[in-house]
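Since the structure comes first, as structure tokens, the remarks are kept for the end.
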Amino acid sequence: MFSLKIKKQEVLDLINKEKFFVFICEGCNEVSFIRDEILSFVKSLPKENILYFEVVDYLCNPDFVNLYLKTFDKKIKVADSILVFSCGIGVSTIAKSINKKVYTGCDTFYITGYKGVNVPYNGKFDCALCGECYLNYTANICPITSCSKSLLNGPCGGAKNGKCEVDKEKDCGWEKIFERLKQFGKLGEIKERVFIRNYGK
Amino acid sequence: MNFVKFILKQNKEIYELLKSKENIGIIFCKKCYEEYTSIISYKCIEIIKDVSKKNIKCLSLNFLCNDYYNKEKILSFAKDIETICVASCGIGVQVVSDIIEKEVITLTDSIQPKKSFSAERILHGISINNDTFCAGCEECWLNLTGGICPITECSKSLLNGPCGGAKNGKCEVDKEKDCGWEKIFNILKQKEYPVDKKINLRNFYAQKFSDLAAKIKNNIYHRIETFYGGIHPQEKKDLAENLKIERFAVEPQIVKIFLSQHTGKPAISVVKIGDKVYVGSKIASSDGFISANIHSSVSGKVLDIKEEIHPIIQKYLPAIVIENDGENKIDPKVSSKTNWQELQKDELLSIILDKGIVGLGGAVFPTHVKLAPPKPVDTLIINGCECEPYINVDNRIMIEYAKELFEGIEILKKILSVKNVIIAVENNKQEAINILNQFKKDNIEIVSLKTKYPQGAEKILIKKTLGREVPYGGLPFDVGVVVQNVSTVYAIYNAVVLGIPLIERVMTVSGDEEFVKNYGNFLIKIGTPLELIVKQCFNEDIQVLKLSGFMMGVEVKSFNTYTVKAINSILAVKKRLGYEKFNSCIKCGRCVDVCPMELEPLEFVFSYQTNNFSELEKLGIKKCIECSCCEYICSSKIPIVEMIKSLKQRLCLV
């Protein structure tokens, strides 16, 4: 799932050169909560450069994008370019559907949790769709996503006090796996198994 | 379709896993992001049973990764089962393991939707019928590359140009895939993008874990704070927020007062054609227990009793037509009573019955019925949440008539003989909260609630303020609570103290700026022609006119109708695009995420389409409060509420 951050400086550099029509996507607003921030930012931009702005949702769906482009056809015609505040997908979808320059006003960030569903309650867990599930052997904690280095054969040894050496705020995934295996009384099993990840799957 | 894919592990592996296990139960996730079918899960379970040659119990759930929602179901299923197996993507497995605090066995592998993407986590938005992806790389390159993402479109995620390995425009990693950089080159040329900037080095570490954790926490805070689900539509209250309540500028020539102004049986007319009536004269009397009296809002002559289109019900219903003589002569029976404290409980109730007071929050349930609950009541909640966008009625009444409001509360306290009174206000109405605090008396608590739609729904309000849960199919008095809207309390004050029946009410006339020329909070007489208000307040090119709220209100097609007691706002808003064409559900799970009653709206859509009504009752369709959250958030733009309403109707027939 995504969260957005406004590219303030880049938009301010860009804005004086052309006249823009602005799309603001609020489809995921229950997840990333940035719509109001974007709205106040857009309203603070110079009026002569922002001709119109529209708050719409689900710019990632090409059917809806075509509908929006058709509906706001007259307003879009007078603008030189389109500025889009949405995740990367929304921007790409619009860029593919219209023969006008399209710019983005946001950086897209990743939030743990599944691709759209139920982020709210389980930020703890993630799945990388690696194609080969290791959870049966690692006490149901995924080594691919919970270890910064996605190691499969044990901890790297760089962890200090249970915290990862890549990011000091993150718990070491393998230490969690170790503790949980101990809890289930299955420490012996992990020793015998060697994983080789199949990247071609 | 089929974005999130997980496939069963090979038969041999499943056999090995389940070989030595007994008493097996499988929790199956019904998958997300795919066309709705219920067959897949059964197929899988058949295979597993076949392979392991064992008797297996099964539980199929929607959105297994939503731990809040599925926790109890999983726990009760796992109670008497030794070995729990899970068939879902990696998240589902980890969630189940976390909930039951035991080791679980996964029977599936999760696989990428498309091969030969370099980025490890290829993510997508809600829509999956396109092949555009975003990797959430934390630094957007699209401004430099003409809207085509080099991270996901190039197999090697190169940022500074093609690798040179492409042949005839096809990637060297996968011969079926187009070279991303060739596409970028073409689009830059075609759309004449300025190519004056260099691509920087990619920062692989822009988002620290602590930032991520903060974002997740922020999400959780927003989503389960106060109650599960709910949405945050744009408030747009600012237009009419600071405008005082005024009388509507134009006096109607003719008013048409519908006989069904309330929930329950329509009232019976007590006037004849040609009768002279005054402001506040009773023109129709209640018929039966759940019904209410109706009074004239103008003085003049009764011209006719004929059928007109009811604005809310949208059907032809009888209405009393009165010609306004413009004198506004008040009926001699209307007299003020400043000494109401001396009256008995029953006398007060009969005044409320006589003056035709109904709940003005939107349900228009006769108040005298609500104030005589069959069970003992210990708490009175005054609902001043007003969570609907645009509307400012309760807000303005709390600011301007706080003193009257408290007197109204005293009357209610006497009728219900309760001690505890809670006034619930959303925290976006700070001015109202401050003023209420000034007038506050003992035993009255003012609760400021977080702004979130639908905070003002009765059952949610009770749960939030008192922690009591209204049982399935029950009413608030089952848990000892009566909820009254702020406007209703003000109307009760007017009826009891000033003796004025419910003949006019405050309405917010507002909308999106381009459609409104004359906005505000107006005191409008019941029976005023809608056309008059539309002409006076809105521009000619309005797209959608909504009565009684943006989320829960009714869209009116014809303006040839007249105001009723239920209408608390008249809004000219932009049309929400995309709802005309029917799109199929892609199981994104948003509706489950936002439903405040913790239902699964997508199941209702499914049974509407397949005409299968057997499961509806079990899914709790009666619990649905029709708050429109699911419809608002729906990524396929399905008119879910409309479907639920028709399902409810059909259920009654079956």
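Structural remarks
- C-alpha long axis of helix A:88-97 to longest principal axis of chain A, angle in °: 40 degrees
- Normalised by 2.2 N^0.38 Å, where N is the number of residues, the C-alpha radius of gyration of the protein assembly as shown stands at 1.07.
- Per-residue mean of C-beta atoms belonging to partner chains within 10 Å, peptide B:82-95: 5
- Remark: mean inter-chain Cβ contacts per residue of B:59-67 equal 3, using a 10 Å Cβ-Cβ cutoff to other protein chain atoms.
- Take every DSSP beta bridge whose two residues both sit in the protein assembly as shown; close to 50 percent of them are antiparallel.
- Options B:145, B:502, B:231, ranked by Cα towards positive dipole end of chain B, top entry (Cβ charges): B:145
- Loop-resident trypsin sites (Lys or Arg not before Pro) (DSSP state other than H, G, I, E or B) in segment B:417-480 with no more than 13 further Cβ atoms inside 10 Å of their Cβ: B:419, B:441.
- Under the Debye formula (equal points on every Cα, no solvent term), log10 I(q)/I(0) of chain B at q = 0.08 Å⁻¹: -0.75
- In order through segment B:84-93: 3J(HN,Hα) via Karplus (6.51 cos²θ - 1.76 cosθ + 1.60), integer Hz, x for Gly, Pro: 9, 10, 10, 10, 6, 6, x, 5, x, 4
- For residue B:564, the amide hydrogen comes within under 5 Å of the amide hydrogens of B:527, counting only partners 5 or more places away or on other chains and with H modelled in the peptide plane.
- Size descriptor for segment A:24-70, Kirkwood hydrodynamic radius: 11.8 Å (Cα pairs only, one decimal).
- The distance linking segment B:297-337 with segment B:634-654 is 35 Å (Cα centroid to Cα centroid, whole angstrom).
- Long-range HN-HN contacts of residue B:60 with modeled amide H, under 5 Å: B:28
- Beta bridges per DSSP with both ends in chain B, % antiparallel, nearest 5: 55 percent
- Top positive-direction residue, dipole computed over segment B:380-476 with Cβ charges, set B:408, B:443, B:472: B:472
- Label-point separation, residue B:345 to residue B:250 (7 Å along Cα→Cβ), nm: 4.8 nm
- Degrees between helix A:62-71 axis and first principal axis of chain A (Cα, 0 to 90, nearest 10): 20 degrees
- Across segment B:638-651, coupling constants 3J(HN,Hα) worked out from phi with the 6.51/-1.76/1.60 Karplus curve, θ = phi - 60°, read 8, x, 5, 5, 4, 5, 5, 4, 6, 5, 4, 4, 5, 4 Hz, and Gly and Pro carry x.
- Once the chain from residue B:523 to residue B:611 is taken as fully extended at 0.36 nm per residue, the excess over their C-alpha distance is 27.1 nm.
- GluC sites (Glu not before Pro) lying in DSSP loop within segment B:534-597, provided at most 12 other Cβ fall within 10 Å: B:540, B:580
- Put a plus charge on the Cβ of each Lys and Arg, a minus charge on the Cβ of each Asp and Glu, and nothing anywhere else: the dipole of segment A:43-201 about its Cα centre is then about 100 debye.
- Coil-residue chymotrypsin sites (Phe, Trp or Tyr not before Pro) of segment A:127-201, DSSP, other Cβ within 10 Å capped at 10: A:199
- Where the Cα pairs of segment A:42-201 fall when distances are cut into 5 Å bins, in %: 1, 7, 13, 14, 12, 9, 8, 8, 8, 8, 6, 4, 2, 1
- Taking the DSSP bridge list for segment B:501-654 and keeping only pairs wholly inside it, about 80 percent are antiparallel.
- Hull-based mean projected area of segment B:585-645, where the convex hull spans the alpha carbons, in square nanometres: 3.6 nm²
- Mean Cβ neighbour count within 10 Å, used as a protection proxy, ranking A:12-19, B:77-84, A:98-105 highest first: A:98-105, B:77-84, A:12-19
- Legend: calculated FRET efficiency, residue B:204 to residue A:199, from the Cβ-Cβ distance at R0 = 22 Å, rounded to 0.05, equals 0.70.
- Vicinal HN-Hα couplings computed from phi for segment B:561-574 (Karplus, 6.51 cos²θ - 1.76 cosθ + 1.60; Hz; Gly/Pro x): 8, 9, 5, 10, 5, 6, 7, 10, 7, 10, 10, 9, 10, 6
- In this Cβ point-charge picture (+1 for Lys and Arg, -1 for Asp and Glu), chain B has a dipole of about 1000 debye about its Cα centre.
- Ranking B:619, B:59, B:586 by how far each Cα lies toward the positive end of the dipole of the protein assembly as shown (charges on Cβ) leaves B:59 at the top.
- For chain B, the 222 nm mean residue ellipticity estimated from helices alone, with every DSSP H stretch of n ≥ 4 adding -39500 (n - 2.57) and the total spread over all residues, rounds to -8000 deg cm²/dmol.
- The sum of -39500 (n - 2.57) across all DSSP H runs of n ≥ 4, divided by the residue count of chain A, sets its helix-only mean residue ellipticity at 222 nm to -9000 deg cm²/dmol.
- Once backbone amide H atoms are built at 1.01 Å from N, residue B:108 has B:9, B:88 as its partners under 5 Å, excluding neighbours fewer than 5 places away on the same chain.
- Simple point charges give the picture: +1 on the Cβ of Lys and Arg, -1 on the Cβ of Asp and Glu, and for the protein assembly as shown a dipole about the Cα centre of about 1500 debye.
- With the highest mean first, a sort of the peptides B:192-200, A:80-88, B:528-536 on other beta-carbon atoms found within 10 angstrom per residue produces A:80-88, B:528-536, B:192-200.
- Distance from segment B:61-80 to segment B:568-592 (C-alpha centre basis), Å: 29 Å
Values quoted throughout were computed directly from the atomic coordinates according to the rules given, and no laboratory measurement underlies them. Keep in mind that what you see is a predicted model, and the values were worked out from it rather than measured. Glycine also receives a Cβ, built like all others from the backbone with ideal geometry; neighbour counts cover every protein chain displayed.
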